[in-house]
Amino acid sequence: MSIEIRRIGIIGAGQMGNGIAQVCASAGFDVKLHDLNADRIHAGLATINGNLAKLVARGALDEPGRHAALARILAAPALEDVGDCDLVIEAATENEEVKRKIFMALNPLLKPDTMLASNTSSISITRLASVTDRPERFIGIHFMNPVPRMQLVELIRGIATEDPTFEAAREFITALGKTVTTAEDFPAFIVNRILLPMINEAIYTLYEGVGSVDAIDTAMRLGANHPMGPLQLADFIGLDTCLSVMQVLHEGLADSKYRPCPLLVKYVEAGWLGRKTMRGFYDYRGEKPVPTR
């Protein structure tokens, strides 16, 4: 039994959702973009338009190609608008309760053969699948941020995910021109299981006064050849997302090495979440980012 995917529903029009919508539409898939907030859908569409315009300016895309991609993305203000999609990808905030509510609300709205996926970066696919009426058609499809630029997608099977679902997901990712890596359903999968404890350790290094923000980021950029320092990367990811992934690791694996750094908790409590709030380990309100410690 093969599953044909032509129309994609995306739940969440934020940074990840609009990036997924852009790559799907650019690869020729029809897309319906949903968010609880209609303004966020319009903002997402504007971001996609801006990103495609930059590709045109660089000569990576022609004007007809930009128009064609935009024409494939429809706003879906009501959740039932994604009911006729072949694959629905949830790209909401990294909070298990929020994701479970979305999947429970979707159950009665979908075609019987619709596949479901979560773009979660850390939460159990088996647990999320268990609240749906189709755990065998549920899979983790974890895109990296920023979606249009990043080559990798992690595919994660839940305990009930059947082979045709996995194969259809793999074909879909290949059609987007991206590379698949397969991870088992353990907390944070592969990329974040390795990356987030490194970022958390960098925050501990700052917390314990071993080095300043600038010293730590320079050390890792020039000493480990990382394209950006771990604290700059944390700001880019969002400190709230970093904290949720560390909490999932700490709770799921019960190992003290995954304890979130108290300084990370403090920044999140202050609402300093990184670039999206203009302050995190750097202050982005001026002409160039200035370290906050």
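The values are calculated or read from the model by the stated rules, or taken from the named source; none is laboratory data. These numbers were taken from a predicted model, which means no experiment stands behind them. All Cβ positions, glycine included, derive from the backbone under ideal geometry; neighbour counts span all protein chains shown.
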query: Using beta carbons and a limit of 7 Å, which pairs, at least six apart or on different chains, have the first residue in segment 23-44 and at negative phi and without any contact (Cβ under 8 Å) to a residue 12 or more places away in the chain and the second one among the polar types (S, T, N, Q) and surrounded by fewer than 17 Cβ atoms within 10 Å (Cβ to Cβ)?
result: none
statement: Of the conditions (1) closer than 28 Å to GLY14 by Cα; (2) touching a Phe, Trp or Tyr at 6+ places or on another chain (Cβ under 8 Å); (3) touching a residue at least 40 places away in the same chain (Cβ under 8 Å), the single one that LEU206 does not satisfy is (1)
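Taking into account only those residues within segment 202-258 that are part of a helix (DSSP H, G or I) and polar (S, T, N, Q), which is surrounded by the fewest Cβ atoms within 10 Å (Cβ to Cβ)?
So in segment 202-258, the residues part of a helix (DSSP H, G or I) come out as 202-207, 213-223, 230-237, 239-253, 256-258.
When the remaining residues are screened for being polar (S, T, N, Q), the result is 205, 218, 232, 241, 244, 247, 256.
Details: THR205: 19, THR218: 13, GLN232: 23, THR241: 23, SER244: 22, GLN247: 17, SER256: 7.
Among those residues, the one meeting the criterion is SER256.
For residues that are more than 11 Å from ILE139 (Cα to Cα) and surrounded by fewer than 16 Cβ atoms within 10 Å (Cβ to Cβ), scanning just segment 151-163, find the one that is nearest to the chain's Cα centre (by Cα). Give the derivation first.
Narrowing segment 151-163 to residues more than 11 Å from ILE139 (Cα to Cα): 151-153.
Now restrict to residues that are surrounded by fewer than 16 Cβ atoms within 10 Å (Cβ to Cβ): 151-152.
Working: GLN151: 13, LEU152: 12 Å.
So, considering only residues that are more than 11 Å from ILE139 (Cα to Cα) and surrounded by fewer than 16 Cβ atoms within 10 Å (Cβ to Cβ), the one nearest to the chain's Cα centre (by Cα) is LEU152.
Among the residues of segment 93-102, are any in a loop (DSSP other than H, G, I, E, B), more than 20 Å from GLY19 (Cβ to Cβ) and out of contact with any Phe, Trp or Tyr (no Cβ under 9 Å at 6 or more places or on another chain)? Spell out how you get there, then give the answer.
Of segment 93-102, the ones in a loop (DSSP other than H, G, I, E, B) are 93-95.
Then drop every residue that is not more than 20 Å from GLY19 (Cβ to Cβ), which leaves none.
No, segment 93-102 contains no residue that is in a loop (DSSP other than H, G, I, E, B), more than 20 Å from GLY19 (Cβ to Cβ) and out of contact with any Phe, Trp or Tyr (no Cβ under 9 Å at 6 or more places or on another chain).
Which residues, taken from segment 152-173, are part of a strand (DSSP E or B) and over 19 Å from GLU4 (Cα atoms)? Full working, then the answer.
Narrowing segment 152-173 to residues part of a strand (DSSP E or B): 152-157.
Passing the criteria: LEU152, VAL153, GLU154, ILE156.
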query: Out of all the residues in segment 83-91, is one or more part of a loop (DSSP other than H, G, I, E, B), within 30 Å of LEU253 (Cα to Cα) and at pLDDT below 95?
result: no
- prompt: With ASP84, ASP35 as the choices, which residue is farther than 23 Å from SER244 by Cα and either assigned by TED's automatic domain parsing to the domain that holds LEU128 or over 17 Å from the mean Cα position of the chain (by Cα) (or both)?
  reply: ASP84
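Residues that are closer than 24 Å to LEU110 by Cα, at least 2 per element: which helices (runs of 4 or more DSSP H) completely within segment 15-78 meet that? Explain how you work it out, then say what you get.
Working: elements: 15-26, 38-57, 63-71.
Qualifying helices (runs of 4 or more DSSP H): 15-26, 38-57.
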query: Scanning segment 172-194 for residues that are surrounded by fewer than 17 Cβ atoms within 10 Å (Cβ to Cβ) and not hydrophobic (A, V, I, L, M, F, W, C), which turns out farthest from ILE123 (Cα to Cα)?
result: GLY177
- request: Scan ARG127, ARG72 and give me the residue that is surrounded by fewer than 22 Cβ atoms within 10 Å (Cβ to Cβ), under 21 Å from ILE159 (Cα atoms) and basic (Lys, Arg).
  value: ARG127
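Taking the conditions exactly as written (out of contact with any strand residue (DSSP E or B) (no Cβ under 7 Å at 6 or more places or on another chain), closer than 14 Å to ALA202 by Cα and without any contact (Cβ under 8 Å) to a residue 60 or more places away in the chain), does ALA254 satisfy them or not?
Values: out of contact with any strand residue (DSSP E or B) (no Cβ under 7 Å at 6 or more places or on another chain): yes; closer than 14 Å to ALA202 by Cα: no; without any contact (Cβ under 8 Å) to a residue 60 or more places away in the chain: yes.
Answer is no for this residue.
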- request: Look at segment 48-82 and say how many of its residues are farther than 16 Å from GLY17 by Cβ and among the β-branched types (Val, Ile, Thr).
  value: 1
